[in-house]
Amino acid sequence: MITKEAAAYDNKPIPKMRERIIVKSRSRRKAKEAWTGLCYALPALALLLLFRYWPLLFGMWMSLWKWGYVPERFVGFDNYIRIFTEDLVVQDPTVGLQLGPVGQGFMVTVFYAIGTIPLSLLLSFFVAYVLFHITRGRTLLRVLFFLPYITSQVAAAIVFKWIFHPSVGLANWAVNKVGGTPQQWLTDPDPILIKLIQSLGGHWPSSIPTAFAGPTWALGVIMLFTIWGSLGFQIVVFLSGLTQIPHDLTESARIDGARTWHTIRHITLPLLSPTWFLLIIVSVIGAFESFNAFYVFSGGEGGPLGSTMSLPLYIFRSFYVYGQVGYASAVSMVLFVLLLGLTWLQLRYGEKKVHYMH
């Protein structure tokens, strides 16, 4: 039988010393769990630091040197000054201001991004929407559309170069069949817009650099190749997003008499906005880092007349061909800051238009 003294003792509050012991044991347990988790993550963190962040930091350091194949002398920000004062825009005594090699590489990259990103995203969404709603042959068609993405880019680019060969290519054969004029697809240095203006009897203003006249046929072929190769990945991502949309919403809209376009506009596109947002960010980064197609189609030269000299290819040539390691590192840092800014702008303003399902 419990006495009154024992009952009163049981109802007393826990002493402060016991509370401190409990708090210390909990903190030790949490610290042990944190160290255990860190030990499991350490191999992945080591690989990330070694192959991701260390090259970035070392590239920043190299950009501050006059660095050939070996470091020569510390020059500070001279490489960056050269980029923005000599190689971005140059003063030609005969025609005035012209784009330098960095400026032209930037324009080529911008034209490439504008020509590939919107069209590839629209086409991939259309194909994904069709594949999502068909029943027969769905798996086979998905595999066929995904094959270009897993095909070797170099091998596929060589096949494309043969298709657009000026003498034996299928492209000029098709142009001849429809009564058109065969083109020098990969060697014509004139931009498409200038050729169009000349065909209409006009002339391109001499005061405007021809680099602003749009892509050449060669860059157009590279754009076509990129769209063909990137559709598979984007289709798979769109299909994944479409499967997340509740079927009840689209079914209710059809029962209420909504047409297909209205269902796409008011239900599918808003609920698919996170997928669009992801693909736009990935596509912009991929476009500004594209290298393989430019290298294979131009033979690493960026021709004709620099019309396919993208910024990554220009960095490669400055680094490996001309041995300007420090300068190439500086250009790569400028490209890194540019991509960082573009990604931040997309995250800052684009995410406001994204509708997440809760």
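Can you run the Rg to Rh ratio on the stretch 167-291? Use alpha carbon positions and the Kirkwood inverse-distance Rh.
My calculation of the ratio gives 1.14.
Projected onto the charge dipole of the stretch 259-358 (+1 at Lys/Arg Cβ, -1 at Asp/Glu Cβ, origin at the Cα centre), which of 290, 342, 328 gives the Cα projection farthest towards the positive end?
Selected residue: 342.
Summarise the long-distance tail of P(r) for the stretch 136-189 by giving the % of C-alpha pairs beyond 18 Å.
Value for the stretch 136-189: 52 percent of Cα pairs lie more than 18 Å apart.
Calculate how steeply helix 325-345 sits against the longest principal axis of the alpha-carbon atoms of the chain, using the helix alpha-carbon long axis, and give the answer as 0 to 90 degrees to the nearest 10.
Once rounded, one gets 60 degrees.
Per-residue ellipticity at 222 nm for the chain, helices alone: DSSP H runs ≥ 4 residues times -39500 (n - 2.57), over residue total, nearest 500 deg cm²/dmol?
Details: 16 runs with 217 residues, N = 358.
-19500 deg cm²/dmol, from helical runs alone.
Of 54, 158, 102, which is farthest on the positive side of the dipole of the stretch 15-163, counting Cα position, with +1 on Lys and Arg Cβ, -1 on Asp and Glu Cβ, and the Cα centre as origin?
54
For q values of 0.21 Å⁻¹, compute log₁₀ I(q)/I(0) with the Debye formula on a Cα-only model of the stretch 67-172, without solvent.
Listed by q, the Debye log ratios stand at -1.16.
Tabulate in residue order the Karplus-calculated ³J(HN,Hα) for the stretch 39-56, using 6.51 cos²θ - 1.76 cosθ + 1.60 with θ = phi - 60°, rounded to whole Hz; enter x for Gly and Pro.
Each residue's phi maps through the Karplus curve to give 5, 5, 7, 4, x, 5, 5, 5, 5, 5, 5, 6, 9, 10, 8, 5, x, 5 Hz.
Using a simple charge model, +1 on the beta-carbon of Lys and Arg, -1 on the beta-carbon of Asp and Glu, nothing else, what dipole does the stretch 66-108 show about its Cα centre, in debye to the nearest 20? Working shown, then result.
On the way: 3 positive and 5 negative charges, 25 e Å.
That gives the stretch 66-108 a dipole magnitude of about 120 debye.
Taking only protein heavy atoms and a 1.4 Å probe, what accessible area per residue, in Å², does the stretch 232-358 have with all protein chains in place?
On a per-residue basis, 52 Å².
Return an integer: the convex hull volume of the alpha-carbon atoms of the chain, in Å³ per residue.
That works out to 306 Å³ per residue.
Provide the gained length on full extension for the span residue 356 to residue 92, in nm with one decimal, where the gain is 0.36 nm per separating residue minus the Cα-Cα distance.
Once the chain is fully extended between residue 356 and residue 92, it gains 89.8 nm.
With Cβ to Cβ distances under 15 Å as the rule, what net charge do the other residues near residue 238 carry (K, R +1; D, E -1)?
+2
With all protein chains present, how much of the accessible area of the chain (probe radius 1.4 Å) comes from carbon and sulfur, to the nearest whole percent?
That fraction is 67 percent.
Give the aspartates and glutamates whose C-alpha is closer than 14 Å to that of residue 66, dropping any in the same chain fewer than 8 places away, or say none.
Reachable aspartates and glutamates: 78.
Using +1 at the C-beta of Lys and Arg and -1 at the C-beta of Asp and Glu, which of 215, 225, 257 has the Cα lying farthest in the positive direction of the dipole of the stretch 190-326?
Projecting each Cα onto the dipole axis, the largest value belongs to 215.
Which value, in debye to the nearest 20, describes the size of the charge dipole of the chain about its Cα centre when Lys and Arg Cβ atoms bear +1, Asp and Glu Cβ atoms bear -1, and nothing else is charged?
The dipole of the chain has a size of about 1820 debye.
Could you run the Karplus curve 6.51 cos²θ - 1.76 cosθ + 1.60 with θ = phi - 60° over the stretch 258-264 and give me ³J(HN,Hα) per residue in whole Hz, x for Gly and Pro?
For the stretch 258-264, the Karplus curve yields 6, 7, 4, 5, 5, 5, 5 Hz.
Rounded to whole Å, give me the distance from the Cα center of the stretch 239-294 to that of the stretch 108-138.
Taking the Cα centre of the stretch 108-138 as reference, the centre of the stretch 239-294 is 11 Å away.
Test of understanding: in a Gaussian network model of the chain with alpha carbons linked when under 10 Å, which of 252, 310, 290 would top the mean-square fluctuation ranking?
252
So for 248, 78, 92, 87, what's the accessible-area order with a 1.4 Å probe, most first?
Largest to smallest exposure gives the sequence 248, 78, 92, 87.
Let me understand the stretch 207-358 better: what is its radius of gyration from the alpha carbons, and its Dmax, in angstrom?
20.6, 67
Skipping prolines and chain starts, which residues have an amide H placed within reach, meaning under 5 Å, of the one on residue 89, given they are 5 or more residues away or on another chain?
Amide H to amide H, under 5 Å and 5 or more residues apart or across chains, residue 89 pairs with 100.
The values are calculated or read from the model by the stated rules, or taken from the named source; none is laboratory data. Given the structure is predicted, the values throughout are model-derived calculations rather than measurements. Reconstructed Cβ throughout: ideal geometry from the backbone, glycine too, with neighbour counts over all protein chains shown. These area figures cover heavy atoms from the full protein model, side chains too; ligands, DNA and RNA do not enter into them. Shrake-Rupley method; radii C 1.70, N 1.55, O 1.52, S 1.80 Å.
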